[in-house]
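J.: Before I ask anything, here is the structure I am working with.
The values are calculated or read from the model by the stated rules, or taken from the named source; none is laboratory data. For clarity, every value in this text was computed on a predicted model and none was experimentally measured. Methodologically, a virtual Cβ is constructed for each residue, glycine included, from the backbone with ideal geometry; neighbour enumeration extends over all protein chains shown.
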Amino acid sequence: MENPKNNYRPFWQLPLFFVLTLSLGCSETQKLPELVLPETDLSSEALLPKPLEVIGNQTAFALDQYSAIYTVEGEASFSGVGEYLSQEIAGVTKLTLPLNPDSMEGPFRGIYLNKNQGMDQEAYELAIVRDSILLTASTAEGAFRGVQTLRQLIPEYANDTLGANPVWVIPGGLIKDKPAFTYRGSMLDVARHFFSVEDVKKYLDVLAYYKMNYLHLHLTDDQGWRIEITSWPKLTEVGGQTEVGGGSGGFYTQEDFKDLVAYASQRFITLVPEVDMPGHTNAASVSYPFLNGNGKTPKPYTGMRVGFSTLDTRKDTVYQFIDDVVREISAMSPGPYFHIGGDESHATKPSDYAYFIKRVVPIVRKYGKTPMGWDEVATVSLDSNVVAQFWQDEENAEKAVEQGMKVLMSPAKRAYLDMSYDSISKFGLHWAAYIPVERAYSWTPDLYAKNVPREAILGVEAPLWSETISTMEELEYLAFPRLLGIAEIGWTETSKRSWEDYKTRLAGQIPYFRRRNIQFYPSRQVPWNEPDSLLPWYKNRTK
Ligand code: TNX
């Protein structure tokens, strides 16, 4: 019989008997050990974000040493996803699944990554039957999202009693899935405290697992400049050496940044670089005092106030500086967006602010990027090809909609990961709200702000400001588990979501958190099913 990897037909459209013949009928697969697999229930698995449709069929796929991954021929990007899947499976099971093995190599149960044009970009279908798994998508990106679902279905521990060798029992059935919003992201403030390349990679791994597709890096602020700009070396030589609280700061070299871009893009995550201006620029002005526009001599700043710094908006050399910065960063950033900040420019006169934003927007476009800015940028008369990131001011968000701009939803009262969980939380601020886990989950982007309708919304992003956190453990305390709620809000249609159902699936993430050494806040709102003493941080919580 034909090698199944050469079968390009949309698998799930084939009659079931053909599917079974495909997987059981060939003489090679008959040599696989006979296993009596337990009944399963795909629909009760702790999948997060919740897929659009899940139909269980009680059968199961036996993932074991006789499993192999096959990807559609002639599509390098699909085989890249296959390679990633193989590595991730090895990480849990220690199995080394061959990728596209020659059919002579042995009898295998196949995990097939197939291409079917005509599906949405990030959509996928996952069909799991007894001896094969078929993951279908139009794009490698869609296949990658589906691979996350498959990863979430692999049990943490093997069943050792089914045969001579360990078997990881994957519940059978069909999943059809696609995201509600095209932008599902998080932001890390690496300026107030610096986080290393390794830390950011760990965060990217988690974003990928929960199907998020953007990571916004807040690269500059009053307390530090974190990205090497070769034409302006003092930015990092001087401005990169400070952080909140007086620590030694740090920065990404251009090689580091490219490494992060590559690591993210292997996970189908786009980096959004932010250079915050004209406010939040003290570190830049300390490095090059001619940039400063607040009339004072700039001094290194390691406190937590905002709104005191500004660039000099009326000097042409300032725009030459910005041109160089945007050019160098854009050349390393394959994504469509460049974030110009624009928030809390209280030391900039409104007329200077408008003048500044209108001059910076064309610079960003000159380097092929779409400008993104905090919601204040919508107070300036621009055009529709700008993204406004709503964080606080509904009137600004309305102004963005009136100008035809897309709005990225990051309401501080719900989506800010740096807000404390409650009054005794160890870290975080609470100027916007206390945000317990339920509150972070139970909101809807298109019902949040008056006159910001669904059509205007690009997606959701959860920013994590780092004034109060300086280690990965502390970062994780604030991000997890609330980030997962934002991931589900971005992926799963509101009509398919409920807190009651979500909180049980959230509790089901503990094995993953443990395996990846991810700290989290064990909110009392979530039925973790664990003795308190085994939960991290368990003494510091009321909610
Ligand atoms: C407001 S949100 C800021 C940041 C702070 C954050 C702390 C925004 C656009 N600006 O500069 O870090 O509050 O929660």
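J.: I'm checking my understanding of the structure. Among residues of the stretch 313-329 that are touching a Phe, Trp or Tyr at 6+ places or on another chain (Cβ under 8 Å) and either surrounded by fewer than 19 Cβ atoms within 10 Å (Cβ to Cβ) or not assigned by TED's automatic domain parsing to the domain that holds residue 258 (or both), which one is farthest from residue 238 (Cα to Cα)?
T.: 314
J.: Of all residues in the stretch 438-478, how many are in a loop (DSSP other than H, G, I, E, B), crowded, with 19+ Cβ neighbours inside 10 Å and either hydroxyl-bearing (Ser, Thr, Tyr) or within 16 Å of the ligand (Cβ to nearest atom) (or both)?
T.: 6
J.: Kindly list the number of the only condition in (1) surrounded by fewer than 22 Cβ atoms within 10 Å (Cβ to Cβ); (2) within 16 Å of the ligand (Cβ to nearest atom); (3) within 26 Å of residue 336 (Cα to Cα) that fails for residue 245.
T.: The one condition residue 245 does not meet is (3).
J.: Condition check: within 12 Å of the ligand (Cβ to nearest atom), polar (S, T, N, Q), in the same structural domain as residue 270 (by TED's automatic domain parsing) and touching a Pro at 6+ places or on another chain (Cβ under 9 Å). Does residue 345 satisfy that?
T.: Judged against the criteria, residue 345 is a match.
J.: For residues in the stretch 296-315 being free of Cβ contacts under 8 Å to residues at least 24 places away in the same chain and in contact with a strand residue (DSSP E or B) (Cβ under 8 Å, 6 or more places away or on another chain), which is nearest to residue 247 (Cα to Cα)?
T.: Across the stretch 296-315, the extreme among qualifying residues is 298.
J.: Taking the stretch 40-63 as the region of interest, how many residues are touching a strand residue (DSSP E or B) at 6+ places or on another chain (Cβ under 6 Å) and either part of a strand (DSSP E or B) or at pLDDT below 95 (or both)?
T.: Qualifying residue count for the region: 10.
J.: Sticking with this structure for a sec: Applying the selection to the stretch 272-300, what residues are closer than 21 Å to residue 389 by Cβ and in a loop (DSSP other than H, G, I, E, B)?
T.: 278, 279, 280, 281
J.: Tell me yes or no: at least one residue of the stretch 277-284 is of a type outside the set (Ser, Thr, Tyr) and more than 16 Å from the ligand (Cβ to nearest atom).
T.: Checked the stretch 277-284: no residue is of a type outside the set (Ser, Thr, Tyr) and more than 16 Å from the ligand (Cβ to nearest atom).
J.: Still on this structure, I have one more. Filter the stretch 411-427 down to the residues that are in a loop (DSSP other than H, G, I, E, B) and within 13 Å of the ligand (Cβ to nearest atom) and list them by number.
T.: Within the stretch 411-427, 411, 416, 417, 418, 420, 427 meet the criteria.
J.: Which pairs do you get when a residue that is assigned by TED's automatic domain parsing to the domain that holds residue 494 and free of Cβ contacts under 8 Å to residues at least 40 places away in the same chain, found in the stretch 180-203, comes within reach of a residue that is assigned to a loop (DSSP other than H, G, I, E, B) and within 14 Å of the ligand (Cβ to nearest atom), reach meaning Cβ atoms under 9 angstrom, with the pair 6+ apart or on two chains?
T.: none
J.: Could you say whether any residue in the stretch 147-155 is part of a loop (DSSP other than H, G, I, E, B), touching a Ser or Thr at 6+ places or on another chain (Cβ under 9 Å), in the same structural domain as residue 47 (by TED's automatic domain parsing) and surrounded by 23 or more Cβ atoms within 10 Å (Cβ to Cβ)?
T.: Within the stretch 147-155, none of the residues are part of a loop (DSSP other than H, G, I, E, B), touching a Ser or Thr at 6+ places or on another chain (Cβ under 9 Å), in the same structural domain as residue 47 (by TED's automatic domain parsing) and surrounded by 23 or more Cβ atoms within 10 Å (Cβ to Cβ).
J.: Let me ask another. Go through the residues of the stretch 461-470 one by one and say whether even a single one is of a type in the set (Gly, Ala, Ser) and touching a Phe, Trp or Tyr at 6+ places or on another chain (Cβ under 8 Å).
T.: Yes, the stretch 461-470 has at least one match.
J.: I'm told residue 265 meets every condition in (1) surrounded by 18 or more Cβ atoms within 10 Å (Cβ to Cβ); (2) closer than 25 Å to residue 208 by Cα except one. Can you identify the failing condition by its number?
T.: Here residue 265 clears every test but (1).
J.: Just wondering, is there one or more residues in the stretch 331-340 that are within 14 Å of the ligand (Cβ to nearest atom) and within 17 Å of residue 229 (Cβ to Cβ)?
T.: yes
J.: Please indicate, with yes or no, whether at least one residue in the stretch 492-505 is surrounded by 16 or more Cβ atoms within 10 Å (Cβ to Cβ), more than 20 Å from residue 411 (Cβ to Cβ) and modelled with pLDDT of 95 or more.
T.: Yes, that holds for at least one residue.
J.: May I ask you to list the residues in the stretch 487-506 that are small (Gly, Ala, Ser) and in contact (Cβ under 8 Å) with a residue 60 or more places away in the chain?
T.: 487, 490
J.: How many residues does the stretch 507-536 hold that are in contact with a helix residue (DSSP H, G or I) (Cβ under 6 Å, 6 or more places away or on another chain) and either touching a residue at least 24 places away in the same chain (Cβ under 8 Å) or among the charged types (D, E, K, R) (or both)?
T.: The qualifying residues number 8.
J.: Please verify whether the stretch 272-295 includes one or more residues that are under 30 Å from residue 79 (Cα atoms), in the same structural domain as residue 238 (by TED's automatic domain parsing) and within 29 Å of the chain's Cα centre (by Cα).
T.: Looking through the stretch 272-295, at least one residue is under 30 Å from residue 79 (Cα atoms), in the same structural domain as residue 238 (by TED's automatic domain parsing) and within 29 Å of the chain's Cα centre (by Cα).
J.: Something else: Filter the stretch 375-417 for residues that are within 23 Å of residue 488 (Cα to Cα), without any contact (Cβ under 8 Å) to a residue 40 or more places away in the chain and surrounded by 24 or more Cβ atoms within 10 Å (Cβ to Cβ) and give the result.
T.: 388, 414 - these are the residues of the stretch 375-417 that are within 23 Å of residue 488 (Cα to Cα), without any contact (Cβ under 8 Å) to a residue 40 or more places away in the chain and surrounded by 24 or more Cβ atoms within 10 Å (Cβ to Cβ).
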